[in-house]
Amino acid sequence: MGGSLNRHQLPPNYRLTNHRNDDHCPEHQLRGIFIPCDPRILTLTMAKPSSNSRQSYTSLSLRNGLVAPRWSTPLVCCSVISSVLNYLRNLGIYVAKKSTWTALFIPVLLFVLLLTLFTDFIPFNRASYSVGVQKHSREWLPPQGSIQNYRPQMNFTLPLNVNSDALRNVSRNTTSLQQGHYLKRFPSCIIFGVSKCGTKAVIEYLKLHPDVVAPKAEINYFNNETLQHQHGLGWYIQQMPPSLSHQITVEKSPDYFQNHQCADLIRAAAPSTKLILLLREPIERLVSEYMQLSEKSLSLPDFEKWVIGQDTGDVDQKVPSVMVSAYADHVSYWLRVFPREQVHIIESQSLRDYPLHEMRRLETFLHLQPFYQPEDFYFNSTRGFYCMRMRYTGKTKCLGKSKGREHITVSDTIMDKLVRFYQPYNQKLKQILGAVDFPWL
Ligand SMILES: Nc1ncnc2c1ncn2[C@@H]1O[C@H](COP(=O)(O)OS(=O)(=O)O)[C@@H](OP(=O)(O)O)[C@H]1O
């Protein structure tokens with residue numbers, strides 16, 4: 001019998017959670033409960049009020065719907081068998097030579113271990129192997145009653161092939177079963193630039209949304225010919241987390257922006273891909289990038305020497321970072337490849353100051369269900385920007401230390417040169433973008 005559990009049909013004292021892959025969506029303990037990233041490993045957890053003040057749980061680990069033993073089960077079994085044999089031997093009952101058993105068991109044990117770890121093979125399809133009591137873990141518990149209230153319009157399904165008696169017993173009491181589909185998909189949206197404009201903040205904010213999945217790291221596929229030739233598009237899709245059909249996959253690789261061939265490659269791969277572009281005041285972006293580079297390389301010259309050509313005494317166009325901030329040419333290229341309505345533009349300072357407003361705009365652009373609420377963000381005065389607050393767990397999350405670095409002071413002379421240098425690019429950008437109210441345009 002194939003099927004999946006619809007979490008809205010779970011009674012309030014039942015949870016679906018995923019232990020294995022919690023590190024895959026670290027931002028969401030909540031996701032750990034409702035939206036497991038790894039479709040294969042699920043745990044149906046039943047909360048039982050216990051006699052003491054803490055709560056205990058009975059859980060069934062499911063692997064592709066089978067009741068799975070913990071991976072240590074073969075180990076436990078072998079040690080139990082080995083103890084029994086020893087016991088029999090001690091009683092003087094001849095079983096076989098110890099070395100024979102060891103020689104037999106170790107390879108079998110390793111084989112079973114490997115099978116359970118790397119395939120869907122389940123050696124012991126019995127509930128009794130995995131039912132156990134777990135101590136109350138705070139993160140698992142949403143506020144009382146909220147399991148019913150949480151986005152009830154979303155019909156969430158999990159792919160389970162239920163064929164164990166134990167699960168049937170559980171599901172008869174609690175759930176109806178239907179098929180669900182977890183797939184790795186080509187992203188329906190790519191944050192393609194610009195680096196140092198708040199791209200990390202956007203993807204982290206997006207991942208708060210239950211209908212959004214994103215890989216952990218930048219993939220940088222379309223700007224890497226070696227990856228394209230050696231691995232191909234299939235590899236790229238493999239890097240995406242699995243998602244359900246109502247979820248969208250978002251990827252962020254901000255260095256696509258200045259590598260124009262990325263536009264053509266993305267268009268060729270999936271012409272309807274939505275694009276997100278963040279733009280920041282160009283000099284601020286440049287300084288931000290300089291701060292990052294100087295932290296990585298101690299041999300980087302002073303900002304002035306780095307940015308001003310020795311021979312010309314003017315802004316050095318040979319410095320790649322300088323030209324990244326000359327947005328107009330890059331933007332005009334991307335907009336020749338993709339229609340304007342397919343590209344959502346966010347002004348970096350606005351994202352920093354008004355994350356809720358910007359994320360709601362983005363939600364509309366991506367046709368996501370309304371999700372963001374004021375309580376999802378809070379201003380962290382130490383960091384100087386908004387951080388996130390997870391619903392239900394109340395846990396907070398800020399971007400890493402590489403965001404919000406202190407900037408060097410740029411001398412007036414250099415600043416003048418930079419302002420003059422970027423002015424024509426900014427004017428051209430304004431013409432391209434039309435009605436935008438960026439404070440620096
Ligand atoms: N909302 C919000 N929250 C936190 N930080 C924000 C935000 N918006 C913009 N920024 C600033 O964006 C800079 C980092 O940009 P990116 O994340 O695109 O950098 S990277 O390309 O991924 O390295 C980094 O700039 P600097 O601090 O000047 O280096 C961040 O401070």
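The values are calculated or read from the model by the stated rules, or taken from the named source; none is laboratory data. Source: prediction; values computed, not measured. So basically every Cβ, Gly included, is an ideal-geometry build from the backbone, and we count neighbours across all protein chains shown. Calculation scope for accessible area: heavy atoms of the full protein, side chains included, ligands and nucleic acids excluded. Shrake-Rupley method; radii C 1.70, N 1.55, O 1.52, S 1.80 Å.
The figures follow:
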item	result
Breaking point among (1) in contact (Cβ under 8 Å) with a residue 24 or more places away in the chain; (2) surrounded by fewer than 19 Cβ atoms within 10 Å (Cβ to Cβ), for Val250	(2)
Residue among Ile191, Ile237 that alone is among the hydrophobic types (A, V, I, L, M, F, W, C) and over 23 Å from Glu363 (Cβ atoms)	Ile237
Subset of the stretch 229-247 (residues that are within 27 Å of His330 (Cα to Cα) and open to solvent by less than 40 Å² (accessible area, probe 1.4 Å))	Gly232, Tyr236, Met240
Residues located in the stretch 176-204, provided they are of a type in the set (A, V, I, L, M, F, W, C), at pLDDT 95 or above and not in a loop (DSSP other than H, G, I, E, B)	Cys189, Ile190, Ile191, Phe192, Ala201, Val202, Ile203
Selection count where residues are hydroxyl-bearing (Ser, Thr, Tyr), more than 23 Å from the chain's Cα centre (by Cα) and within 16 Å of the ligand (Cβ to nearest atom), scope the stretch 379-424	3
Lone qualifier among Gln369, Gln349 - being touching a residue at least 40 places away in the same chain (Cβ under 8 Å), within 24 Å of Ala217 (Cα to Cα) and open to solvent by 20 Å² or more (accessible area, probe 1.4 Å)	Gln349
Answer from Thr382, Thr364 - the residue that is surrounded by fewer than 17 Cβ atoms within 10 Å (Cβ to Cβ), modelled with pLDDT of 95 or more and among the β-branched types (Val, Ile, Thr)	Thr364
Close pairs (9 angstrom Cβ cut-off, 6 or more residues apart or separate chains): within 15 Å of the ligand (Cβ to nearest atom) and open to solvent by 50 Å² or more (accessible area, probe 1.4 Å) in the stretch 256-283, at pLDDT 95 or above and of a type in the set (A, V, I, L, M) anywhere	Gln258/Val194; Gln258/Met323; Gln258/Val324
Leu265, sole failed condition from (1) farther than 23 Å from Lys417 by Cα; (2) aliphatic (A, V, I, L, M); (3) in contact with a Ser or Thr (Cβ under 9 Å, 6 or more places away or on another chain)	(3)
Residues (more than 8 Å from the ligand (Cβ to nearest atom) and not in a loop (DSSP other than H, G, I, E, B)) located in the stretch 205-219	Leu206, Lys207, Val212, Val213
Selected residue (criterion: farthest from Arg383 (Cα to Cα)) from residues of the stretch 331-355 that are away from the ligand (no atom under 16 Å from the Cβ) and of a type in the set (D, E, K, R)	Arg336
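Yes/no per residue for (1) closer than 22 Å to Arg360 by Cα; (2) in contact with a Leu (Cβ under 7 Å, 6 or more places away or on another chain):
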position	(1), (2)
Val213	yes, no
Phe222	no, yes
Gln228	no, no
Ile248	yes, yes
